[in-house]
Every structure is written in C-alpha cells, then in structure tokens.
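Beneath this line is the structure, given in structure tokens, with notes to follow.
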Amino acid sequence: QVQLVESGGGLVQPGGSLRLSCAASGSMITIYDMGWYRQAPGKQRELVARITSGSSAAYTDSVLGRFTISRDNAKNTVTLQMNSLKPEDTAVYYCTALVLRTFAEGPHDYWGQGIQVTVSS
C-alpha cells in the first residue's frame, strides 16, 4: 500500500507564509505527477498546483506568483511553499500522487489525509 503523509499546516496571519510537505511511502515502482488540492468549507475540492516527475509545474490562477510547488524524486516528497497568504486560502489541503505500484495494476491516484491551513488575523 502507498501512504501519503502531509505536514506543515497551521494558523497564519494574512500576508504570512507556510510550507506544506508531503512524503510518499510504500512499495512502488515510480511516482508520476504529484500535487496539492484544497477544499474550503462548503466548496468543492480544487487543484492548487501539480508537478510532473520532470518538475514541470502548473498552478491554479488564484495562487500564481504566491505559491511554489517542488519535489524531490529521490525522497518521494512534494512541497508547497505558500507566500502572501490570504484568508481565502483557508482550506484543508490534500497531497496527491499518481503512483505506479505494479505494472499489472497500472498507475493510480493516492491521497493524503489532509491538513488544515487557516489564514486569519
């Protein structure tokens, strides 16, 4: 089984920064894309940022210029650096990874348990 464990969330004032990290563990052949989604109360889960195994990144418009996604393929980790945080960034953030566990199974998406980020004064 593959597990994704997030860390780094918490409470921060508007304009502040937080760094989310996610580590993937378990038996796997390779990880393709990794990413971060978020879900605010009463809203649908949305893609925040995604990064390929070659470190090509994409972001939702609302975080462009403020968030940066990166990964360490050797450590199976993905990081989301969040700067200039706004109250509307408040949400539960989920790490995701497209993992190839076996060739027979093919690639599957795995999700972390979610971590709370609250931006408030």
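The values are calculated or read from the model by the stated rules, or taken from the named source; none is laboratory data. Every value quoted in this text rests on a predicted model; they were computed, and no experiment measured them. Note: ideal-geometry Cβ built from the backbone for every residue, glycine included; neighbour counts use all protein chains shown. Quick note on the areas: whole protein, heavy atoms, side chains included, nothing else; ligands and nucleic acids left out. Shrake-Rupley method; radii C 1.70, N 1.55, O 1.52, S 1.80 Å.
Mind checking the per residue accessible area of the chain for me, 1.4 Å probe, whole number of Å²?
Result: 52 Å² of accessible area for each residue.
I'd like the carbon and sulfur percentage of the solvent accessible area for the chain, probe radius 1.4 Å, heavy atoms only, ligands and nucleic acids excluded.
That fraction is 49 percent.
Leaving ligands and nucleic acids out of the surface, order 88, 6, 105 by accessible area at 1.4 Å, largest first.
88, 105, 6
If packing is taken as the average number of other Cβ atoms within 10 Å across a peptide's residues, how do 17-26, 37-46 rank, most packed first?
The peptides rank, most packed first, as 17-26, 37-46.
Please quote Rg/Rh for segment 37-80 to two decimal places, taking the Kirkwood radius as Rh and restricting both calculations to Cα atoms.
When Rh is taken as the Kirkwood radius, the ratio is 1.02.
Would you mind counting up the charge near residue 85? Only other residues with Cβ under 14 Å from its Cβ, with Lys and Arg at +1 and Asp and Glu at -1.
Neighbourhood net charge equals +2.
Taking the convex hull of the Cα atoms, report for segment 51-121 its projected area averaged over all directions, in nm².
Mean projected area of the Cα convex hull: 5.8 nm².
Once the dipole of segment 1-72 is set up with Lys and Arg at +1 and Asp and Glu at -1 on Cβ about the Cα centre, which of 41, 7, 53 lies farthest towards its positive end?
Positive-most Cα among the choices belongs to 41.
If you build the Cα gyration tensor of the chain and take the root of 5 times each eigenvalue, what three semi-axes come out, in whole angstrom, biggest first?
Output for the chain: semi-axes of 26, 14, 12 Å.
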